[in-house]
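Asks: I'd like to ask some things about the structure below.
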């Protein structure tokens, strides 16, 4: 693998960042430094940690950062549920975000499993 940018999970996580950011305008202004800030940090953390893991070059380090990315995805999962429950996210917005997030979490788990058996980068 030449670059993390070739990973579909990284590409999809960038799409998730754009999707989540586009929904933040509907959140109440008083949430700007609360839930909105936490959501933005978690969603950006996913592709960032994938990139950092692959940039490290060792399987052990890569797996560690992919685990961090997965943790951020799980954190985001909780935050979007809270957002939906508080009425900040509509049902359709929640469904779209949750569907992509679920796909990314599955891909991250699969990537972790594959790193247990395959070589990492050139």
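The values are calculated or read from the model by the stated rules, or taken from the named source; none is laboratory data. As the structure is a computational prediction, the values presented were derived from the model and not from experiment. Counting neighbours? That spans all protein chains shown, and the Cβs are built from the backbone with ideal geometry, glycine included.
Asks: Select from region 23-48 the residues that are part of a loop (DSSP other than H, G, I, E, B) and either under 21 Å from residue 100 (Cβ atoms) or within 10 Å of the chain's Cα centre (by Cα) (or both) and list them in ascending order.
Replies: Scanning region 23-48 gives a single hit, 27.
Asks: Just need a number here: residues in region 71-85 that are in contact (Cβ under 8 Å) with a residue 24 or more places away in the chain and either more than 9 Å from the chain's Cα centre (by Cα) or under 13 Å from residue 35 (Cα atoms) (or both).
Replies: 7
Asks: Another one. Does region 106-114 include one or more residues that are exposed (fewer than 15 other Cβ atoms within 10 Å of the Cβ) and at pLDDT below 95?
Replies: Among the residues of region 106-114, at least one is exposed (fewer than 15 other Cβ atoms within 10 Å of the Cβ) and at pLDDT below 95, which makes the answer yes.
Asks: Which of (1) under 21 Å from residue 117 (Cα atoms); (2) at pLDDT 95 or above does residue 1 not meet, given it meets every other one?
Replies: The failed condition is (2).
Asks: Within region 49-70, how many residues are in contact with a helix residue (DSSP H, G or I) (Cβ under 8 Å, 6 or more places away or on another chain) and either outside any helix (DSSP H, G or I) or without any contact (Cβ under 8 Å) to a residue 24 or more places away in the chain (or both)?
Replies: Residues flagged as in contact with a helix residue (DSSP H, G or I) (Cβ under 8 Å, 6 or more places away or on another chain) and either outside any helix (DSSP H, G or I) or without any contact (Cβ under 8 Å) to a residue 24 or more places away in the chain (or both) within region 49-70 amount to 7.
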